[in-house]
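Student: Below: one structure in structure tokens.
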Amino acid sequence: MTDDKDVLRDVWFGRIPTCFMLYQDEITEREAEPYYLLLPRISYLTLVTDKVKKHFQKVMRQEDVTEIWFEYEGTPLKWHFPIGLLFDLHASNTALPWNITVHFKNFPEKDLLHCPSKDVIEAHFMACVKEADALKHKSQVINEMQKKDHKQLWMGLQNDKFDQFWAINRKLMEYPPEDSGFRYIPFRIYQVTTERPFIQKLFRPVAANGQLNTLGDLLKEVCPAAITPEDGEKKNQVMVHGIEPMLETPVQWLSEHMSYPDNFLHISIIPQPTD
């Protein structure tokens with residue numbers, strides 16, 4: 001992979017200032033103070049909120065504490081989506097800190113998966129990494145790794161260790177010198193305006209004529225509504241990690257440098273703010 005290590009570091013160390021507040025109808029023995037945290041964009045809510053849970057449990061009776069879940073302005077937040085994606089999708093044009101409401105009852109079964117333990121997060125994360133490698137290398141790289149390598153990927157993410165994670169993840173970002181990129185680009189496109197959870201299709205990084213496919217090419221093929229017509233006004237923002245990459249950016253470069261640790265490019269299409 002091309003070595004833009006500063007980009008990898010910037011992506012890894014991206015943080016979102018967040019204020020967690022207990023839902024007003026939760027029963028407490030004394031007033032619950034809000035809890036402030038810098039959330040890592042690349043991680044998962046249920047992986048980094050042990051302190052939040054402990055903070056609010058202190059003011060609650062034990063029998064009132066069941067499975068924790070989070071909500072932003074009425075929308076339950078899916079823990080199996082990376083934090084940065086949740087923010088880009090639901091809150092990217094709001095003032096910071098991000099105000100998240102914490103719940104301990106009335107778990108929204110229809111909207112959220114249960115997350116009883118860290119093992120569930122690890123299983124979800126590794127399933128995504130394996131799916132991405134099936135697209136990129138027909139699973140050859142991930143299958144050649146040992147169990148301890150898989151564990152190192154997970155522990156690197158869980159413990160926020162950039163070098164530990166990338167020592168292994170680097171192998172997942174390589175491709176044979178005779179190729180110009182991966183077999184297919186692992187990506188998912190999300191829109192708040194549709195019921196569909198995300199769009200995912202097979203898309204090659206290199207066109208039949210040998211040209212590198214760009215983010216604009218990807219959107220034209222997969223989600224043409226996201227593209228602004230030449231004579232029209234911009235209706236959407238196309239976001240990855242809180243920024244709007246230029247549509248001329250090759251998807252191969254984006255896949256190598258702007259993917260989340262699960263090896264997917266998570267792209268948010270959000271309505272252009274009107275103010």
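Student: Do any GluC sites (Glu not before Pro) in the range 214-275 lie in a loop, going by DSSP, with at most 11 other beta-carbon atoms within 10 Å of their beta carbon, and if so which? Before the final figure, lay out the partial values.
Tutor: Working: sites: GLU221, GLU230, GLU233, GLU248, GLU256; in loops: GLU230, GLU233, GLU248.
Hits after loop and neighbour filter: GLU230, GLU233, GLU248.
Student: Working out 0.36 nm times the residue gap between GLU29 and ASP160, then minus their Cα-Cα distance, what length gain in nm do you get to one decimal? The partial results should precede the final answer.
Tutor: Details: separation 131, 0.36 × 131 = 47.16 nm, distance 3.45 nm.
Length gained between GLU29 and ASP160: 43.7 nm.
Student: Follow-up question, since we're still on this one. Find the relative contact order for the chain and round it to a whole percent, using C-alpha pairs within less than 8 Å whose residues are 6+ positions apart. Walk me through the intermediate numbers first.
Tutor: On the way: 426 pairs, mean separation 52.6, N = 275.
About 19 percent, as a whole number.
Student: Hey, what D do you get for the range 111-201 in µm²/s if you plug the Kirkwood alpha-carbon radius into Stokes-Einstein at 37 °C and 0.692 mPa s?
Tutor: Details: Rh = 14.9 Å.
D = 220 µm²/s.
Student: Please give, to one decimal in nm, the separation of the simple spin-label points placed at LEU247 and LYS5, each 7 Å out from Cα toward the Cβ.
Tutor: Here the answer is 3.5 nm between the modelled labels.
Student: Compute the length gained on full extension between SER117 and TYR36: take 0.36 nm times their separation in residues and subtract their Cα-Cα distance, giving the result in nm to one decimal. Please list the in-between numbers first.
Tutor: Working: separation 81, 0.36 × 81 = 29.16 nm, distance 2.30 nm.
Length difference between fully extended and current span is 26.9 nm.
Student: When the accessible area of the chain is computed with all protein chains present and a 1.4 Å probe, what percentage of it is carbon and sulfur? Could you put the intermediate results ahead of the total?
Tutor: Numbers: 7100 of 14120 Å².
C and S fraction of accessible area: 50 percent.
Student: Taking only the alpha carbons of the range 126-256, what extent do you get along each of the three principal axes, in Å, biggest first?
Tutor: 53, 35, 25
Student: Given a Förster radius of 25 Å and the C-beta distance between LYS235 and ALA95 as r, what FRET efficiency does 1/(1 + (r/R0)^6) yield to the nearest 0.05? Please report the intermediate quantities before stating the final value.
Tutor: On the way: r = 23 Å, r/R0 = 0.91.
Efficiency computed from Cβ-Cβ geometry: 0.65.
Student: Using a 1.4 Å probe, what is the accessible area per residue for the chain, in Å²? Write out the running numbers ahead of the final one.
Tutor: Values: 14120 Å² over 275 residues.
Accessible surface, normalised per residue, equals 51 Å².
Student: Give the average over all directions of the projected area of the C-alpha convex hull of the chain, one decimal, in nm².
Tutor: Working: hull surface 64.3 nm².
The Cα convex hull of the chain, projected and averaged over all directions, gives 16.1 nm².
Student: For CYS19, project a label point 7 Å along Cα to C-beta. Then give me every residue of the range 36-55 with its amide nitrogen under 11 Å of that point.
Tutor: It comes to 36, nothing else.
Student: Next question. Can you find, among MET239, LEU215, HIS55, the residue sitting farthest towards the positive end of the charge dipole of the chain, where Lys and Arg contribute +1 and Asp and Glu -1 at Cβ?
Tutor: Farthest towards the positive pole: HIS55.
Student: Pop a pseudo-label 7 angstrom from the Cα along the beta-carbon direction at both ALA127 and THR194 and give the gap in nm to one decimal.
Tutor: For ALA127 paired with THR194, the spin-label model returns 2.2 nm.
Student: Right, another one. Let me know the Rg and Dmax you get for the range 32-156 when you use only its Cα atoms, in Å.
Tutor: When restricted to Cα atoms, the range 32-156 yields Rg and Dmax of 16.7, 51 Å.
Student: Here is a follow-up. Taking the Cα centroid of the range 196-246 and of the range 95-118, what is the distance between the two, rounded to the nearest whole Å?
Tutor: What the calculation gives is 30 Å, centre to centre.
Student: Looking only at the range 119-155, which residues have a backbone nitrogen under 18 Å from a spot 7 Å from the Cα of GLU221 in the C-beta direction?
Tutor: Only 132-138 pass the distance filter.
Student: Of PRO229, ILE269, GLN140, which is farthest towards the positive pole of the chain's charge dipole, taken about the Cα centre with +1 and -1 on the beta-carbons of Lys, Arg and Asp, Glu respectively?
Tutor: The residue sitting farthest along the positive end of the dipole is GLN140.
The values are calculated or read from the model by the stated rules, or taken from the named source; none is laboratory data. Bear in mind that the values here come from a model prediction, so they are computed numbers and not experimental data. Because the Cβ atoms are built from the backbone with ideal geometry, glycine has one as well, and the counts that use them run over all protein chains shown. Remember, those area values only see protein heavy atoms, side chains included, never the ligands or the DNA or RNA. Shrake-Rupley method; radii C 1.70, N 1.55, O 1.52, S 1.80 Å.
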